[in-house]
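*Asks:* Mind having a look at this structure? Questions to follow.
The values are calculated or read from the model by the stated rules, or taken from the named source; none is laboratory data. Remember, predicted model here, so these are calculated numbers, not experimental data. Quick reminder, even Gly has a Cβ in these numbers, built from the backbone with ideal geometry, and neighbours come from all protein chains shown. When the accessible area is computed, the model is the full protein with side chains, heavy atoms only, and any ligands, DNA or RNA have been set aside. Shrake-Rupley method; radii C 1.70, N 1.55, O 1.52, S 1.80 Å.
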Amino acid sequence: VVIPKKAAEHLLKVSKFIDEVLVKLAGMPPFYKMNEVDDLIGTLIVALSPHTYAGVVGRIVGFTDSMVCFAHPIFHAAKRRDCDGDEDSIMLLLDPLINFSKLYLPDRVGGRMDSPLLITVTINPEEVDEQAHNVDICYRIPLKFYEAAEKGKHISEVLDIIPTIKSLIEKGSEIRTAFTHPQSSLETRPAESSYKRYGSMLEKIVGQLKLAERISAVDVHYVAEKMAETHLLSDILGNARAFFLQKFRCKKCGARYRRPPLTNTCVKCGGEIVQTVFRGAVEKYIELVEDILLKNIRNEYLRQRIMVAINNVKTTFEKEEKEQVSLEDFF
Ligand SMILES: [Zn+2]
């Protein structure tokens, strides 16, 4: 694995911490004994993707200025990571081996995520996600391929022309990769994924739509519809549901109530009763969807579902115009 220089600088510090733990707490000799970043070359690491719990062992073979880990496609696929610019993580192998215990894990739902419960030492290429099997391994794309592309042939018709990792697996031969265009450097711009650079969801979505508008091969309406359908609409509906079915909590002692007591104070300690789901959580994507996505959505059914969801939220939080009328108003 070729790791970012920034990560290497951090791992160097971690190696010193681990050595100190070994010497001072365990009374053992230090293990890493590193002085500079270059000492990391050859060291074993565990790579773990977010929201998974199976780490994969790899070896550091170099550094890059880009904020990315370069590794074999099979390695990335083994940790269930594809090339969509998502986050990734690496640890020195000894770190999870000596500094990990199930006792450290939170007992909440999802608490086991992001922790190396399993560590894979040997990767079986057949067992990883099929995406990695589709990586081509030719050094020269044959003319036949371009001719087939010109005629708009289906991908299944060019399978024999372009060898892929899958064809190696089927033949039982050694897994290798290849490239068609020689490069003088692996580090071309951008050095950092904008998915990471953009802070808020709004920025990410605006960025994605801008990109979709520029690339003629991408249908911006399709992108907007997919985003709304798979993420934002379900988010709005889910948060609204959570808001209406929410429990209430005592600010002082943490007692939970299915419904707030009529006194609006905690029965156990008299503390203040507060909501567990707030208005902000329900409203957070409303403007985003209304202002940015809706104009790009052509599917009428989807558009109406979104409108209904937005109207539901809006009418719930609308300021009531009339206060309660008192009898005196009529005289
Ligand atoms: Zn209380």
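*Asks:* Quick check: is even one residue across the range 59-69 on the phi > 0 side of the Ramachandran plot and assigned to a loop (DSSP other than H, G, I, E, B)?
*Replies:* No.
*Asks:* Working only within the range 15-36, note down all residues that are surrounded by fewer than 12 Cβ atoms within 10 Å (Cβ to Cβ) and more than 30 Å from R189 (Cβ to Cβ).
*Replies:* Passing the criteria: E20, K24, L25, A26, G27, P29, K33, N35.
*Asks:* May I ask you to say which residue of D114, D107 is open to solvent by 70 Å² or more (accessible area, probe 1.4 Å), touching a residue at least 24 places away in the same chain (Cβ under 8 Å) and of a type in the set (D, E, K, R)?
*Replies:* Selected residue: D114, the only one of D114, D107 that is open to solvent by 70 Å² or more (accessible area, probe 1.4 Å), touching a residue at least 24 places away in the same chain (Cβ under 8 Å) and of a type in the set (D, E, K, R).
*Asks:* Let me confirm something: among V128, V158, which residue is closer than 22 Å to V68 by Cβ, outside the structural domain of I74 (by TED's automatic domain parsing) and either free of Cβ contacts under 8 Å to residues at least 24 places away in the same chain or surrounded by 15 or more Cβ atoms within 10 Å (Cβ to Cβ) (or both)?
*Replies:* Exactly one of V128, V158 is closer than 22 Å to V68 by Cβ, outside the structural domain of I74 (by TED's automatic domain parsing) and either free of Cβ contacts under 8 Å to residues at least 24 places away in the same chain or surrounded by 15 or more Cβ atoms within 10 Å (Cβ to Cβ) (or both), namely V128.
*Asks:* Here is a further query. Restricting the range 273-294 to residues that are open to solvent by 90 Å² or more (accessible area, probe 1.4 Å) and at pLDDT 85 or above, which is farthest from the ligand (Cβ to nearest atom)?
*Replies:* R279
*Asks:* Working carefully through the options Q324, Q246, find the one that is away from the ligand (no atom under 16 Å from the Cβ) and open to solvent by 90 Å² or more (accessible area, probe 1.4 Å).
*Replies:* The unique qualifying residue is Q324.
*Asks:* Considering only residues that are under 19 Å from the mean Cα position of the chain (by Cα), touching a residue at least 60 places away in the same chain (Cβ under 8 Å), open to solvent by less than 40 Å² (accessible area, probe 1.4 Å) and under 16 Å from S193 (Cβ atoms), which ones fall in the range 37-70?
*Replies:* Within the range 37-70, P50, S66, C69 meet the criteria.
Yes or no, residue by residue, for (1) open to solvent by less than 100 Å² (accessible area, probe 1.4 Å); (2) more than 16 Å from the ligand (Cβ to nearest atom):
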position: A255; (1), (2): yes, no
position: V267; (1), (2): no, no
position: G271; (1), (2): yes, no
position: I297; (1), (2): yes, yes
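*Asks:* What number of residues in the range 278-331 are part of a loop (DSSP other than H, G, I, E, B), hydroxyl-bearing (S, T, Y) and in contact with a helix residue (DSSP H, G or I) (Cβ under 9 Å, 6 or more places away or on another chain)?
*Replies:* Adding up the residues that qualify gives 1.
*Asks:* Further question on the same structure: Given the conditions (1) open to solvent by 30 Å² or more (accessible area, probe 1.4 Å); (2) more than 30 Å from D65 (Cβ to Cβ), which single one is not true for L233?
*Replies:* In the conditions (1) open to solvent by 30 Å² or more (accessible area, probe 1.4 Å); (2) more than 30 Å from D65 (Cβ to Cβ), L233 misses (1) alone.
*Asks:* Scan (1) surrounded by 12 or more Cβ atoms within 10 Å (Cβ to Cβ); (2) under 23 Å from the mean Cα position of the chain (by Cα); (3) without any contact (Cβ under 8 Å) to a residue 40 or more places away in the chain for the single condition M227 breaks and write down its number.
*Replies:* (3)
*Asks:* Further, regarding this structure: On the given criteria, is R81 under 30 Å from G111 (Cα atoms), touching a residue at least 40 places away in the same chain (Cβ under 8 Å) and of a type outside the set (A, V, I, L, M)?
*Replies:* No, not satisfied.
*Asks:* Scan the range 222-277 residue by residue and report those that are part of a strand (DSSP E or B) and either within 30 Å of A309 (Cα to Cα) or hydroxyl-bearing (S, T, Y) (or both).
*Replies:* F248, R249, R256, Y257, T265, I273, V274, Q275
*Asks:* Also, I was wondering about something else. Examine the range 183-191 for a residue that is surrounded by 10 or more Cβ atoms within 10 Å (Cβ to Cβ) and among the acidic types (D, E), and state whether such a residue exists.
*Replies:* There is at least one residue in the range 183-191 that is surrounded by 10 or more Cβ atoms within 10 Å (Cβ to Cβ) and among the acidic types (D, E).
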